[in-house]
Amino acid sequence: MEIIWLLQGSMILIFDKYRLVIDPYISDYVEKLHGMIRLASPPLSASEINPSFIYCTHNHIDHLDPEGLPEILKLHGNCPVSGPASVVKKCAELGVRPARLIQAEIDNSFSAGPFELIPVKAYHSDADATGLVVKAEGKTIYISGDTEYRDELPSLVKKSAGSEIDIAIICINGRLGNMNIEEAVRTVKALGVRTAIPMHYGLFQQNTADPVPFLDACKESGINSFAMQAGKSIKLY
């Protein structure tokens, strides 16, 4: 399995030529609405993203992009879109056809090509927000989406997954309803993962973090950890 990070919480998981796109943000909508200027341009264009399936973890504009998502869907007319109730409602408002929408429910697994997807609990200002467990090739990956820290979160994720978690891709920015670096390290240690990858930084100057302390703390705890490079395809394992 390969991963391409699109900055913030956006990424593409690729397995057997199937492209699972999570939270694609490719516009300047956050800047227009809140004045938060991009530190980097989108690493891939709408046509280059080329999704087979899109999952949005929640209805916030840096995860469900009100300008970028319709642009992507216009170019890829049959791509399904899934997410919790808040995502389905917003997508309908954006003109996404009902036949393309799949409402996700916590703990209810479903398939997207070769991937098994399990929406999991997240603690965020969108009450419907989810994280996502992705299973493929006998591996289990936890993607946190946006979430605050809770002591019970790791046990909830493991229970939802029904298996050990091999890899965690986790927010570290510590602002606007997300756990900070210390809390993210505590979470991946409690999850018992082999590999932990930081995300949700590097896009907006007002909402970023230095990933190095996270990487160092993980390695000190015996957890493999590395920083993704935006737009670069890398093997997850």
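Worth a mention:
- Residue, farthest from Asp210 (Cα to Cα), within the stretch 1-20, restricted to residues that are touching a residue at least 60 places away in the same chain (Cβ under 8 Å) and part of a loop (DSSP other than H, G, I, E, B): Asp16
- In summary, Ile61 fulfils each of the numbered conditions (1) farther than 19 Å from Ala136 by Cα; (2) crowded, with 20+ Cβ neighbours inside 10 Å; (3) within 14 Å of the chain's Cα centre (by Cα) with the single exception of condition (2).
- Taken over the stretch 168-210, the criterion of being buried (at least 23 other Cβ atoms within 10 Å of the Cβ), over 15 Å from the mean Cα position of the chain (by Cα) and either on the phi > 0 side of the Ramachandran plot or of a type outside the set (A, V, I, L, M, F, W, C) (or both) is satisfied by Thr187 alone.
- Against the test of being surrounded by fewer than 24 Cβ atoms within 10 Å (Cβ to Cβ), among the polar types (S, T, N, Q) and within 26 Å of Glu105 (Cβ to Cβ), the options Ser47, Ser27, Ser52 yield a single qualifying residue, Ser52.
- A count restricted to the stretch 111-137 and to residues that are of a type in the set (A, V, I, L, M) and more than 15 Å from the chain's Cα centre (by Cα) stands at 3.
- Filtered by the rule that a residue be buried (at least 17 other Cβ atoms within 10 Å of the Cβ) and not aliphatic (A, V, I, L, M), the stretch 81-102 gives Ser82, Gly83, Pro84, Ser86, Lys90, Cys91.
- Per the listing Leu64, Leu69, the residue uniquely at pLDDT 95 or above and farther than 21 Å from Glu148 by Cα is Leu69.
- Evaluation of Ala40 against the conditions (1) closer than 23 Å to Pro211 by Cα; (2) in contact with an Asp or Glu (Cβ under 8 Å, 6 or more places away or on another chain) shows that the sole unmet condition is (2).
- For the stretch 7-36, the set of residues classified as of a type outside the set (A, V, I, L, M) and on the phi > 0 side of the Ramachandran plot consists of Gln8, Asp16, Lys17, Asp23, Gly35, listed by residue number.
- Test result for Asp16, within 28 Å of Gln229 (Cα to Cα) and at pLDDT below 95: yes
The values are calculated or read from the model by the stated rules, or taken from the named source; none is laboratory data. Worth saying up front: this structure is predicted, and the values here are computed from it rather than measured. Cβ coordinates were reconstructed from backbone atoms using ideal geometry, including for glycine residues, and neighbour counts include every protein chain displayed.
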